[in-house]
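The values are calculated or read from the model by the stated rules, or taken from the named source; none is laboratory data. In this text, all values refer to a predicted model and were calculated from it rather than measured experimentally. Positions of Cβ are backbone-derived with ideal geometry, glycine not excepted, and every protein chain shown enters the neighbour counts. Please note that ligands, DNA and RNA were not included when accessible areas were found on the heavy atoms of the full protein model with its side chains. Shrake-Rupley method; radii C 1.70, N 1.55, O 1.52, S 1.80 Å.
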Amino acid sequence: MDALIAGYCHYLPFSFTDIGVLELDAAMNDRGLGRSVLLAFAAGLGACDRVLVHSSTAASWTAAAAARTGVELGDKLYVVPAPRDVRLVRDPADITPPPGRATGIYNHRLYRHYGTARFTQLARRLVADAPVRLTVMDLFGTRSPERIRLDPSPERHLEELATTDGVTIASDRGDRIRYRNLLAGAHFGIAPFRPACPWSMSVIDCQAMGLPVIGPRTGWLAEHIDHELLFDTDEQAVQIAERLATDAEFYLVHAKRAHASTADLTPAVVAARYLEAIK
């Protein structure tokens with residue numbers, strides 16, 4: 001058969017540090033399985049005629065991992081990001097800056113490998129030291145006992161966050177309109193602390209709605225988020241959040257930049273990139 005085999009690297013089972021050290025992703029390294037997953041991933045790369053990834057960071061990581069496992073990618077690696085949701089797009093002209101107090105939203109899964117403990121630490125600092133309240137999305141609802149036994153971390157983190165003053169737990173209950181309204185009711189987003197994060201649809205959701213997103217200076221986040229909104233320490237994050245809450249000009253500039261960062265993620269543009277990659 002002469003069918004073209006295209007693989008989309010949605011999740012990467014690894015990441016690379018700033019000094020080029022390969023680290024296995026905790027989500028796929030339970031009981032030491034990470035090396036086997038990495039080899040299976042490499043075998044998949046070798047079987048593909050086209051390899052698609054979300055971002056330049058993901059492309060560099062995938063190319064480096066392929067080289068280390070003896071897979072020749074040649075010219076078959078393409079960056080094809082996911083399209084933004086047309087229902088989650090807002091004109092920055094319709095956005096007003098916060099009135100001296102801002103609401104931040106964290107709309108990521110609460111697994112421990114997303115760095116939720118690190119986020120919880122930051123959440124306490126933000127609500128205590130900045131004019132900020134936080135909305136944390138409960139993306140799972142009630143999970144089955146079987147899933148909880150596999151990984152109880154979301155329930156533990158959710159309970160801890162729910163008892164933190166200044167933090168509100170919210171759910172869209174699977175309703176996209178309700179999700180949009182929750183985003184529209186916030187002033188800025190917070191990126192996850194997951195090291196092997198080659199892309200985050202939740203970050204794109206916020207930005208397409210004109211919400212500046214603050215995040216750790218790591219991986220794809222450092223590639224995509226404006227450098228003025230990146231932080232290395234909680235203290236820096238507090239300072240950025242406080243400025244977003246109190247400096248209207250700074251806020252509006254970054255609301256426009258956030259929206260503009262998703263301009264090339266319309267379905268039509270992404271479809272054209274996909275068709276170009278697989279031709």
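Brief remarks follow.
- Sites Leu73 and Ser144, calculated FRET efficiency, Cβ-Cβ separation with R0 25 Å, nearest 0.05: 0.05
- Estimated inter-spin distance, Ile5 and Ser36, nm [label 7 Å along Cα→Cβ]: 2.1
- When all protein chains stay in place and ligands, DNA and RNA are ignored, the 1.4 Å accessible-area order of Lys256, Lys76, largest first, is Lys256, Lys76.
- Heavy-atom accessible area for Arg257, with the other protein chains in place and a 1.4 Å probe, reaches approximately 110 Å².
- Only beta bridges with both residues in the stretch 3-118 are counted; by DSSP, about 35 percent of them are antiparallel.
- Based on C-alpha pairs under 8 angstrom that are at least 6 apart in sequence, the stretch 68-155 has a relative contact order of 32 percent.
- Each residue, Arg176 and Asp18, gets one label point 7 Å from its Cα in the Cβ direction; the gap between the two is 3.9 nm.
- Other residues within the sphere of radius under 14 Å centred on the Cβ of Leu229, judged by their own Cβ, net out at -2 (K and R +1, D and E -1).
- Förster-model FRET efficiency, 35 Å R0, Phe250 and Thr163, C-beta, rounded to 0.05: 0.60
- Think of each Lys and Arg Cβ as +1 and each Asp and Glu Cβ as -1; about the Cα centre, that makes the dipole of the stretch 11-85 roughly 120 debye.
- Of all accessible heavy-atom area on the stretch 26-130, the percent that carbon and sulfur account for (1.4 Å): 51
- Where the stretch 153-227 is the region considered: accessible area per residue in Å², 1.4 Å probe: 37
- Taking only protein heavy atoms and a 1.4 Å probe, the accessible area of the stretch 134-247 is 48% carbon and sulfur.
- Order of exposure, largest accessible area first, which applies to Phe140, Phe119, Phe193 with probe 1.4 Å: Phe140, Phe193, Phe119
- Backbone geometry of the stretch 15-23 corresponds, through the Karplus equation with coefficients 6.51, -1.76 and 1.60 at θ = phi - 60°, to 3J(HN,Hα) couplings of 8, 10, 6, 5, 9, x, 7, 6, 10 Hz, x marking Gly and Pro.
- Unit charges on C-beta of K, R, D, E only; dipole of the stretch 51-190, Debye: 80
- Value of relative contact order over the stretch 90-212, rounded to a whole percent, pairs C-alpha under 8 Å and six or more apart: 38
- Taking every DSSP beta bridge that has both ends in the chain, the antiparallel portion is near 10%.
- Computed from point charges on the beta carbon alone (+1 for Lys and Arg, -1 for Asp and Glu), the dipole magnitude for the chain about its Cα centre is near 540 Debye.
- Accessible-area value, Thr142, 1.4 Å probe, nucleic acids and ligands omitted, Å²: 140
- Calculated on alpha-carbon atoms, Rg and Dmax of the stretch 177-279 in Å: 14.6, 50
- Normalising the average separation of contacting C-alpha pairs (under 8 angstrom, six or more residues apart) by the number of residues puts the relative contact order of the chain at 23 percent.
- In Å², nearest 10: area of His187 left accessible to a 1.4 Å probe: 40
- 222 nm mean residue ellipticity, helices alone, for the chain (DSSP H n ≥ 4; -39,500 (n - 2.57); rounded to 500): -12500 deg cm²/dmol
- Distant-in-sequence amide H partners of Ala102 (H built 1.01 Å from N, under 5 Å): Val132, Arg133
- The chain shape via C-alpha gyration tensor axes, a/c threshold 1.5: prolate
- In this structure the amide hydrogen of Gly189, modeled in the peptide plane, comes within under 5 Å of the amide hydrogens of Ile105, Val213, Ile214, none closer than 5 places in sequence on its chain.
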